[in-house]
Amino acid sequence: MARRLIPLLLIALLVVVHAQLWFGRGSVPQVTSMKQQLALQDQANRDAGLRNDQLRNEVRNLQEGLDMVEELARQELGMVKPNEIFVQIAKGRP
């Protein structure tokens with residue numbers, strides 16, 4: 001009886017382990033699916049990173065552009081900000 005019980009027990013254990021490999025948590029199909037999801041998420045992250053870089057550059061260009069416009073308005077048109085006093089010093093002739 002013991003000679004038959006041990007092989008049957010081992011076969012049953014093998015079947016349980018094999019079933020876990022294909023159908024349980026962390027199974028081969030589940031890992032494959034998760035790898036595909038990870039690849040899609042990596043691509044989405046790269047796309048978002050590129051979009052963030054574009055937006056960062058656009059913001060920088062807008063900030064620098066506004067600073068440049070403000071500087072030109074101050075120098076060429078003598079514009080001032082509210083509560084600011086503009087003093088122009090003319091150079092005299094030598």
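Laboratory data are not the source of any read-out in this text; all were calculated from the coordinates shown. As the structure is a computational prediction, the values presented were derived from the model and not from experiment. Every residue, glycine as well, gets a Cβ built from its backbone with ideal geometry; the counts of neighbours run over all protein chains shown.
The table below lists the values:
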quantity: Test item: Cα-centred dipole of the chain, Lys/Arg +1 and Asp/Glu -1 on Cβ, debye; calculated: 800
quantity: Among V28, N57, V16 the positive-end extreme of the charge dipole of the chain (Cβ point charges); calculated: V16
quantity: Gained length - I85 relative to W22, 0.36 nm times residue gap less alpha-carbon distance; calculated: 14.8 nm
quantity: Distance-filtered residues of segment 40-58 - backbone nitrogen under 13 Å, label point 7 angstrom along E64 Cα→Cβ; calculated: 56-58
quantity: Mean residue ellipticity (222 nm) of the chain, computed from DSSP H runs ≥ 4 via -39,500 (n - 2.57), nearest 500; calculated: -28000 deg cm²/dmol
quantity: Neighbourhood net charge (13 Å Cβ-Cβ; Lys/Arg +1, Asp/Glu -1) for L10; calculated: +2
quantity: Burial ranking of peptide ranges 77-90, 49-62 (average Cβ count within 10 Å, highest at the top); calculated: 49-62, 77-90
quantity: Estimated inter-spin distance, N57 and V15, nm [label 7 Å along Cα→Cβ]; calculated: 6.3
